[in-house]
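The values are calculated or read from the model by the stated rules, or taken from the named source; none is laboratory data. This is a predicted model, so every value here is computed, not measured. All Cβ positions, even for glycine, are placed from backbone atoms using ideal geometry, and neighbour counts span all protein chains on display. When the accessible area is computed, the model is the full protein with side chains, heavy atoms only, and any ligands, DNA or RNA have been set aside. Shrake-Rupley method; radii C 1.70, N 1.55, O 1.52, S 1.80 Å.
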Amino acid sequence: MAYPSMGEAHRRITDYLNNFSDAVSYQDVASLAQLFSFSSNSPPLLSVADALNFFQDANRLIKQSEKFSQYGEILAPLFRSLQSYRTGNLVDAYHAFEKFANAFIQEFRNWESAWALEALYVIAYEIRVLAERADRELASNGKSPEKLKGAGSFLMKVFGVLAGKGPKRVGALYVTCQLFKIYFKLGTVHLCRSVIRSIETARIFDFEEFPRRDKVTYMYYTGRLEVFNENFPAADHKLSYALTHCNPLREANIRMILKYLIPVKLSLGILPETSLLEKYNLLEYHNVVQALKRGDLRLLRHALQEHEDQFLRSGVYLVLEKLELQVYQRLVKKIYFIQKQKDPSKAHQLKLEVIVKALKWLEMDMDLDEVECIMTILIYKNLVKGYFAHKSKVVVLSKQDPFPKLNGKPVNS
């Protein structure tokens, strides 16, 4: 790190202070936001950080001018945070950034208009990212990582500031999405409920007035929550909304949405095209889809085993595991069609031993009792229409629509 001369350091710091003051005076939110964007690692910002670490008396520059001193509670901790960030001391950088952010929020409350919202968005983003990095530093030193939790508390305070009448309320959804990211990261997704309730039931919010970017992110995270709750129709609605409204050029975001939407669609009996899986590099679902098409239980279990870690990390493993019933339905349906070709008059009578043989051909060793249990479940779940003739160990299928389609509805629980 090459330090500037004393005069150059003084000039850089003074320029930064003037830029801040001018941005606030002229309500130039784009310029203001750039001054807070640590994670951008922009050369101008890093050069100011180098100057601060060399000059070591920036507070004097703030205090000696009334133009700057009125914002001293914002600027002093901001400078300390920038200094620590530049030297790689992320825990100290976080502490100072949180003080700066709290001071900024106090000033933001006093501004009647919402002109500084984009700057507030940058602060909300930066405090989350900085907290994550600070927690990694703490964990590597054998200490308890707690900064991300602190960032969540700060963002709840920001949400409270925005969740009122007036033009500032349109910023509430962006902050909500940052909170979702924190709660999902910490594994405390139950904390999402109170924020969701505020967004979806408060009369002051009109969902359609929020920016499209924020609506897409919100629907993505609430859709994931519905996946965890196994409310697949709601998950389908929310994730489909996110997909439909997502910027088509943001392929990484589309892939993230599809990673959850595909298992949801599969649960509702809707299979994706292979071309979609190939386009967005989601080939881990290829054999799952093929297993559903073929009625191949062995292939499904192999696919789940092969990509187990990936599916567990995404939280969709249990969703995919429950597709076994649809695979059994498909297998029984194939046996039915084969019998119908051989002897149409007896096609609706399926001997359990035939199903046992088909499973053995798939290297799935099951006895008659196990198969009878599976068929009972299929009938109960309305995946097969028919009844048992227990003495003869035969499933008598309905002559009308023996294999009801899901048609976008989940398997009966």
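Placing unit charges on the Cβ atoms of the charged side chains and taking the dipole of the chain about its Cα centre, the candidate lying farthest along the positive direction among ILE123, LEU268, ILE377 is ILE377.
Per the Kirkwood definition applied to all pairs of different Cα atoms, how many angstroms is the hydrodynamic radius of the chain? Working shown, then result.
Working: mean 1/r = 0.0394 Å⁻¹.
For the chain, the Kirkwood estimate is 25.4 Å.
For the cross-link pairs LYS259/LYS357; LYS322/LYS360; LYS265/LYS399; LYS265/LYS342, which exceed 26 Å when the distance is taken from alpha carbon to alpha carbon?
On the way: LYS259/LYS357 35 Å; LYS322/LYS360 21 Å; LYS265/LYS399 28 Å; LYS265/LYS342 34 Å.
As for pairs spanning more than 26 Å Cα to Cα, those are LYS259/LYS357; LYS265/LYS399; LYS265/LYS342.
Each residue of region 387-402 was assigned a 3J(HN,Hα) from its phi angle through the Karplus expression (A = 6.51, B = -1.76, C = 1.60, θ = phi - 60°), giving 8, 9, 9, 4, 4, 8, 6, 10, 9, 9, 7, 5, 7, 10, 6, x Hz with x at Gly and Pro. With K and R counted +1 and D and E -1, the other residues having a Cβ less than 9 Å from that of ILE182 yield a net charge of +3. In this structure the chain gives 50 Å² per residue of accessible area when probed at 1.4 Å with all protein chains present. Across region 72-79, coupling constants 3J(HN,Hα) worked out from phi with the 6.51/-1.76/1.60 Karplus curve, θ = phi - 60°, read x, 5, 8, 6, 4, x, 4, 5 Hz, and Gly and Pro carry x. Helix 90-110 axis versus longest C-alpha principal axis of the chain: approximately 80°, rounded to the nearest ten. Shape call for region 193-246 from the C-alpha gyration tensor, a ≥ b ≥ c root eigenvalues: rounded (a/c under 1.5), prolate (a/b greater than b/c) or oblate? Oblate shape, in that a/c is at least 1.5 and b/c is the bigger or equal ratio. Across region 317-325, rounded Karplus estimates of 3J(HN,Hα) from the backbone phi angles (6.51 cos²θ - 1.76 cosθ + 1.60, θ = phi - 60°) give 4, 5, 5, 5, 4, 6, 6, 3, 4 Hz, Gly and Pro being marked x. Rounded to 0.05, the FRET efficiency of the TRP111 and GLN290 pair, given R0 = 35 Å and the Cβ-Cβ distance, is 0.05.
Computing FRET efficiency as 1/(1 + (r/R0)^6) for ASP57 and GLN310, where r is the C-beta to C-beta distance and R0 is 56 Å, gives about 0.60. For LYS385, the aspartates and glutamates whose Cα falls under 15 Å of its own Cα, not counting residues fewer than eight places away in the same chain, are GLU372, ASP401.
Going by accessible surface with a 1.4 Å probe and the largest first, GLU251, GLU226, GLU112 read GLU112, GLU251, GLU226. Zone of THR244 (label point 7 Å along Cα→Cβ, backbone N under 11 Å): which residues in region 253-267? Answer for this model: none. Taking Cα pairs under 8 Å and at least six residues apart, what relative contact order does the chain come out at, in percent? Relative contact order here is 9 percent.
Largest accessible area first, the residues PHE68, PHE207, PHE228 order themselves as PHE228, PHE207, PHE68 under a 1.4 Å probe with ligands, DNA and RNA left out. Close amide-amide hydrogen proximity is noted between GLN349 and LEU397, each under 5 Å apart and 5 or more residues distant or on a separate chain (H modeled in the peptide plane; Pro and chain starts excluded).
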